[in-house]
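The values are calculated or read from the model by the stated rules, or taken from the named source; none is laboratory data. Quantities reported herein were computed from a predicted structural model and do not represent experimental measurements. So basically every Cβ, Gly included, is an ideal-geometry build from the backbone, and we count neighbours across all protein chains shown.
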There are 2 protein chains.
Amino acid sequence: MLNESAVLEALPQAASEAEKRVRDRGATEKAILRAAKALLSEEGFQNFGINAVARRAGCDKQLIYRYYGGLNGLVEAIGSDLGTWVRDRIPEDTGGMFLLTYGDLMERLALLFLEALRDDPLMRRIVAWEVSENTEQVRRLAESRSKALSQWLERMKGSLAPPKGVDAAAVNAILIAAIQHLVLSASAGGQCAGLALKTAKDWEKAATALKRIVRGVYG
Amino acid sequence: MLNESAVLEALPQAASEAEKRVRDRGATEKAILRAAKALLSEEGFQNFGINAVARRAGCDKQLIYRYYGGLNGLVEAIGSDLGTWVRDRIPEDTGGMFLLTYGDLMERLALLFLEALRDDPLMRRIVAWEVSENTEQVRRLAESRSKALSQWLERMKGSLAPPKGVDAAAVNAILIAAIQHLVLSASAGGQCAGLALKTAKDWEKAATALKRIVRGVYG
DNA sequence: TTCGCTACTCACCGCATAGTGACAGGCTGG
DNA sequence: CCAGCCTGTCACTATGCGGTGAGTAGCGAA
């Protein structure tokens, strides 16, 4: 008995979230959500499971079942936060530029999106998840993200209209696809299709090429 | 005892590869490799493991350790085949077209690559794997693929040169990224960034937009 | 036939996972 | 005070995984 308690006391805080949380359901729920996000950001969806989240949150997995109804509910909760992502991560102003044409706008948006994605590991993991699995979980996640993104695009567009004769929806989807894959690929292996993407200089090159592409279609 | 044998006989072939393989190491090796590829194509890398491959191949997992030195070796064997992928899946001729400019060429190559990727589930899974994990396994796989792809590009390029002042390497990397993500996204959820990618008509739209983008940069 | 090599199978280990049921401790209202 | 609810913990099952050591079955040569 003495041994047991001694061992327990000697153990380091079991998990980063542990702290001495008192009986506070709200706080615990938040801790779980934060742990889930952090875990997903850092480890990816491979090792994302009830046990891992519980460990990270420093609580029993039973609580995840109770409060979120299992992993699905937890993922859904993560998805709910996605709507605010764009608002939080992407500046709404024009950076002091005058965006006179649709081309101006899309160039700026493309670069903003690129930056935001590069800076947000959680978002990257979710995008990677989206193209790797096709479960209900992921589908819902993808939808949240897609909706938030398109709302942002719509909001920023204002009254600017794309050039006639260009299928802007399709072109923009391709641009977004390019950006997402570029960032994912860089994040995973430091390069994409032979193009190094590590240093700031590498990224400048990529950004320049991206601008050129946008200008090519939209003028 | 009687029960046992009866049950065994009543069971369907445990795995699709089973057949009545006689003691033939070469054949078994091939069966394992085929099983691995099929499994990866159909299930993705999530459930790709020693046990699953062995089940699918209808043999004991021990043989995978013996013949390939474990999963790593097996994946490497899959990677070795990747060099021939481009040769096998992408037509080398110009489809009766005259490719006079770099723009002509890249438009054609982009569409060829898009088609080839859409038609090859294994390749899609590997690309998805590449952006989702960063293990030695995947890195080697990615390198094989990248090398094969760049060799193909080089070979097809011939003497055509990109327009001055354009960083073709960067632009092409972005184009490839776009194509890959487009196909992956479609394969996973039937759409990409809000653009539906299910019917042939959907894909025509995407192809048209892609052509427009290529023409925009390369003329 | 018997020996020996090789292809192959089986049974097991340790360790993870998801999920569940029972229980303990604190707070609150009666 | 005590009863009951709520928060949190623990122990346990069932299942899967990767990995290994030992044993079996067929085939060819002496």
Selection over region B:156-179 where residues are part of a helix (DSSP H, G or I) and in contact (Cβ under 8 Å) with a residue 24 or more places away in the chain yields a count of 9
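Of the residues B:100, B:82, which is away from DNA strand C (no atom under 16 Å from the Cβ), more than 17 Å from residue B:135 (Cα to Cα), more than 14 Å from every other protein chain (Cβ to nearest Cβ) and exposed (fewer than 15 other Cβ atoms within 10 Å of the Cβ)?
Only one candidate qualifies: B:100.
Here is a yes/no grid of residues against (1) under 28 Å from residue B:213 (Cα atoms); (2) in contact with a strand residue (DSSP E or B) (Cβ under 7 Å, 6 or more places away or on another chain); (3) assigned to a helix (DSSP H, G or I); (4) in the same structural domain as residue A:180 (by TED's automatic domain parsing):
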{"position": "A:76", "(1), (2), (3), (4)": "no, no, yes, no"}
{"position": "A:98", "(1), (2), (3), (4)": "yes, no, no, yes"}
{"position": "A:106", "(1), (2), (3), (4)": "yes, no, yes, yes"}
{"position": "A:112", "(1), (2), (3), (4)": "yes, no, yes, yes"}
{"position": "A:117", "(1), (2), (3), (4)": "yes, no, yes, yes"}
{"position": "A:122", "(1), (2), (3), (4)": "no, no, yes, yes"}
{"position": "A:126", "(1), (2), (3), (4)": "yes, no, yes, yes"}
{"position": "A:141", "(1), (2), (3), (4)": "no, no, yes, yes"}
{"position": "A:154", "(1), (2), (3), (4)": "yes, no, yes, yes"}
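Only one residue in B:209, B:186 is crowded, with 19+ Cβ neighbours inside 10 Å, small (Gly, Ala, Ser) and either touching a Ser or Thr at 6+ places or on another chain (Cβ under 7 Å) or more than 7 Å from chain A (Cβ to nearest Cβ) (or both). Which one?
B:186
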Residue among B:140, B:125 that is out of contact with any Cys (no Cβ under 8 Å at 6 or more places or on another chain), closer than 23 Å to residue A:202 by Cβ and not acidic (Asp, Glu): B:140
What number of residues within region B:21-55 satisfy the criterion of being touching a Lys or Arg at 6+ places or on another chain (Cβ under 7 Å) and near DNA strand D (Cβ under 9 Å from one of its atoms)? 3
Does residue B:48 qualify as being farther than 19 Å from residue B:153 by Cβ, within 14 Å of chain A (Cβ to nearest Cβ) and not in a helix (DSSP H, G or I)? yes
Take region B:56-74 and flag every residue that is of a type in the set (Gly, Ala, Ser) and either part of a helix (DSSP H, G or I) or within 8 Å of DNA strand D (Cβ to nearest atom) (or both). B:57, B:70, B:73
Against the condition touching a residue at least 40 places away in the same chain (Cβ under 8 Å) and facing another protein chain (nearest Cβ under 10 Å), how does residue B:129 come out, does it pass? yes
Yes/no for residue B:137 being among the polar types (S, T, N, Q), modelled with pLDDT of 95 or more and either farther than 19 Å from residue A:195 by Cβ or assigned by TED's automatic domain parsing to the domain that holds residue B:105 (or both): no
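So is residue A:198 of a type in the set (D, E, K, R) and within 22 Å of residue A:106 (Cβ to Cβ) or not?
Working: of a type in the set (D, E, K, R): yes; within 22 Å of residue A:106 (Cβ to Cβ): no.
The answer is no for residue A:198.
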So, residue B:197, is that one facing another protein chain (nearest Cβ under 9 Å), of a type outside the set (Gly, Ala, Ser) and touching a strand residue (DSSP E or B) at 6+ places or on another chain (Cβ under 8 Å) or not? yes
Is it the case, given these coordinates, that residue B:92 is touching a residue at least 40 places away in the same chain (Cβ under 8 Å) and within 13 Å of another protein chain (Cβ to nearest Cβ)? no
Residue A:191 vs (1) in contact (Cβ under 8 Å) with a residue 40 or more places away in the chain; (2) more than 7 Å from chain B (Cβ to nearest Cβ): all pass except (1)
Considering only residues that are more than 14 Å from chain A (Cβ to nearest Cβ) and among the β-branched types (Val, Ile, Thr), which ones fall in region B:111-126? none
